[in-house]
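**Student:** Below: one structure in structure tokens.
The values are calculated or read from the model by the stated rules, or taken from the named source; none is laboratory data. Remember, it's a predicted structure, so these values are computed and weren't measured experimentally. For neighbour counting, all protein chains shown are included, and Cβ atoms are generated from backbone atoms with ideal geometry for every residue, glycine included. Ligands, DNA and RNA are excluded from the accessible area calculation, which covers all protein heavy atoms including side chains. Shrake-Rupley method; radii C 1.70, N 1.55, O 1.52, S 1.80 Å.
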Amino acid sequence: MDGPEREASAARLDPRMIRDLISMLREAQGWRLTDGKWQEVGRLVEDVEKALAGGDDAALRRVIDTLEVAGEVRITRIGASTPQPVPPRLRDRLNRLVHQLSPSSGGRAGGAAGDRPSRC
């Protein structure tokens, strides 16, 4: 699904959940994870894209919650592979999703102007 179609489907979703998702995707860009964990995050991003395409609030909430716990851990097992920054292809996917879902991109995916938090 391309950007405009994803934006249209996402516009039907809860704006607060979209903001949570944008925040989580931005946070993920700074994580340092093992290769296996990055593969898991990649699968979760696919699930995000499917939930957005289907306009499925429940599925999106589940994947956001799962993505949240898939992030960095402070303890690394002895012998575990060295955590790495986000792989370039996944970083591009995360950036693209953030851009497409952000209200500043001109799309409605982040919610209507009245849904945005005020800047004091």
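**Student:** Go through region 63-100 and give me each residue that's modelled with pLDDT of 85 or more, of a type in the set (A, V, I, L, M) and either open to solvent by 100 Å² or more (accessible area, probe 1.4 Å) or over 20 Å from the mean Cα position of the chain (by Cα) (or both).
**Tutor:** The one that is modelled with pLDDT of 85 or more, of a type in the set (A, V, I, L, M) and either open to solvent by 100 Å² or more (accessible area, probe 1.4 Å) or over 20 Å from the mean Cα position of the chain (by Cα) (or both): V69.
**Student:** Out of R26, R43, I need the residue that is open to solvent by 80 Å² or more (accessible area, probe 1.4 Å), assigned to a helix (DSSP H, G or I), at pLDDT 95 or above and touching a helix residue (DSSP H, G or I) at 6+ places or on another chain (Cβ under 8 Å). Which one? Please lay out each step first, then the result.
**Tutor:** Details: R43 fails: touching a helix residue (DSSP H, G or I) at 6+ places or on another chain (Cβ under 8 Å).
Testing whether each residue is open to solvent by 80 Å² or more (accessible area, probe 1.4 Å), assigned to a helix (DSSP H, G or I), at pLDDT 95 or above and touching a helix residue (DSSP H, G or I) at 6+ places or on another chain (Cβ under 8 Å) leaves just R26.
**Student:** How about region 29-40: which of its residues are in contact with a helix residue (DSSP H, G or I) (Cβ under 6 Å, 6 or more places away or on another chain) and of a type in the set (D, E, K, R)?
**Tutor:** Within region 29-40, the subset in contact with a helix residue (DSSP H, G or I) (Cβ under 6 Å, 6 or more places away or on another chain) is 29, 40.
Within region 29-40, E40 is the sole residue that qualifies.
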